Structures are given as structure tokens and as C-alpha cells.
1. Working from Cα positions, state the angle (0 to 90°, nearest 10) between the long axis of helix A:117-138 and the longest principal axis of chain A.
2. For A:Lys76, which lysines qualify as cross-link partners when the Cα separation must be under 28 Å and same-chain residues fewer than eight apart are set aside?
3. Under the √(5λ) rule applied to the eigenvalues of the Cα gyration tensor, what semi-axes describe the equivalent ellipsoid of the protein assembly as shown? Give them in Å, descending.
4. What trypsin sites (Lys or Arg not before Pro) in segment B:7-102 are in a loop by DSSP, with at most 11 other Cβ atoms within 10 Å of the Cβ?
Amino acid sequence: MSKPQFVYVTYIETTPENLWEALTSSEFTKQYWFGAEVRSDWKVGSPFALLLDGEVTDSGEILEADPPRRLSYSFKHQKFEELRGEPISRVVFTIEPFGSLVRLTVLHDGFVEGGKYLGAVSNGWPAILSQLKSLLETGKLLDIPRAALNKGFDAK
Amino acid sequence: MNLDQFKPLTVYTIYIAATPEKVWEALTSAELSRKYFSGFAVEMQPKLGGRFIVRAPDGSEHISGEVFEYDPPKKLTVTWNVNWPDLVAKLGTTLVTYEIEPAGEAVRLTMSERHDRALSDDILSGGRTGWPAILSGLKSLLETGKAPQIKMSPPVKMLEALKAMGIRTP
């Protein structure tokens, strides 16, 4: 059996530089990440935080930063009691030119077997990355309720 | 066919700014699928038990199957059997299900690829490589009016794994 991890690939009509900017700019993430914003100076070893309405929901540190190709940070949930006990996970973004497009691969790993966190992120990423693709390609966001992020929270 | 034996081994979810009807049409129309599916055309008889074909650009039937669950514009399940010699005999039937649900003003499309036996990650890499490209293209087509050309080829590790099982590939 494979390790518990989440992998998502999407193809976006943009440039690697624009995609890097979209992944690392607080203002940009706020738009497609359902109001959440990333904060870091994006240097290896620096702290990373994800904030929603001014509150830190997840935090970690920068593990890899190779603009505009590869970005990785550790990710520990801080908000929901039932997810706080889960181990520190890791997010890796890989950005590759693909013809006139860019292929973005998001790997989120470091979960425990049978934990709830994997189910939560498996529902969150497709919604976030669908928004990101729409925003970069059309300049517009989808009208999806934030509750979509938690859809099936307990399902897995 | 006993559905309970089939487990989803690959799942891909994508949100699209469109109506459920438009997403259904894009998934089942030859004209639209050709645009986002590298020139492959979906030909489906729109009824339970109807024929389901994915025709390659050279006119050959790349995938043959039938409609197994038909509930437009919410749910479609088809048998999705790639026409390579011995493939179905060795890997079993593949079921593909599309679920289309409203999510606010958008649509949540979930594709599940189900199999009746355990398959290696190398074998599954074909679908895991293909689906993101196909469904990214479908989303772009519906949202921007044009589909990007995402040229795909079968992953080398999948072709090697098939060969090791005695399945001949083109």
C-alpha cells in the first residue's frame, strides 16, 4: 500500500513566475484560498504561517525555496482541536513548464494512517487549486462557499 | 458485475464555473471532448446500457464500454476498457464514474476510477497522469472558451509494468 498522502496535479495557462507569485503573495492567496493568506519571507528555515481572519490556522517553516520551480514548507494545524494532535505534515509545490502551460503538482504528505487531517486536506486542495487556476486564466473566481473546503471532513 | 468489488483507486475532483448541464455535455459530447482530450472523441448513446466509446484521432476505438449508471446531469458511470490486447483479461474491468454536484454557483466534478482488484501504482500512473490533464482542459474550455493543448503520452513506468504482466502495448 502507498503511504497516506495527497497528490494533485493541475495544468494552468500561466508562467512559472506568475504561479510562484500566486503561491507566495499574501494578497494573491487571500483571493483564491478562501480568505486565507500565506506569510513568510520564503527563505529556507524561516517561519511559515497561514492566517484566516487574522488568526493562524496552520504554521511551519520553509523547507525548500527554488523560485520559480519548487517550494516546500512544513504544515501543522493549529485551529481545530481534533486536528491539532496530528503530526507535522509537509507541502511541496513543483512548478514545471509544459508547452504553453505550467504543470503544478501539489504533494501533501506526512500523515498518520487513519487520521482525519488527510481527509480534510483532500477536500480542501481541489477547491483551492481550482480557484487558483480560474483566477490565473480568467481573472475571476468561482462562487464556491467556504464550506466546500470542509465537505466530507469526517468522511475519510 | 458486482459493484461492491470495485474500489476507487484514483479520484480527481475539480471545481468549474459552469452549470451541471454544461459539464455533462462536455463529458459526453464528441465535439467538445475532442477539444480538451487530445483529439479523442467520446461517443455515447445517452441511455442506460448504451454504448460508450472513446475514439482515437486515427479513428480507432481506444476505449470501449457501456453506460452503467445514467442520471443526467448528476451521475454517469461507464465501463472504461482500453483496447490493448489482453489488458482487460489481466487487469479486469475499469469503471469510471463522474459525479456532478452544485457548489454555490459553480460545479464540483469528481471522477472516480474503480477497479475490482489491487493494481500497482505504476499501472495506475496512466490514469493518474491522464485525468488531471483531461479535466484541467475541460475546465479551461468551459471557463475560457478554448482548451489548451496538453500533449500526453503513456507514462514509461506504466508501459513497463504492463509489459511485465504480458500485456502488449502499441
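1. That helix lies at roughly 20 degrees to the long axis.
2. A:Lys3, A:Lys30, A:Lys43, A:Lys116, A:Lys133, A:Lys151, A:Lys156
3. Each semi-axis is √(5λ); the values are 34, 22, 20 Å.
4. Those that pass, being in a loop and sparsely packed, are B:Lys47.
The numbers here are math on the coordinates, done by the rules we state, and not lab data. Since this is a predicted model, take the numbers as computed values, not measurements. Note that we place each Cβ from the backbone using ideal geometry, even for glycine, and neighbour counts take in every protein chain shown.
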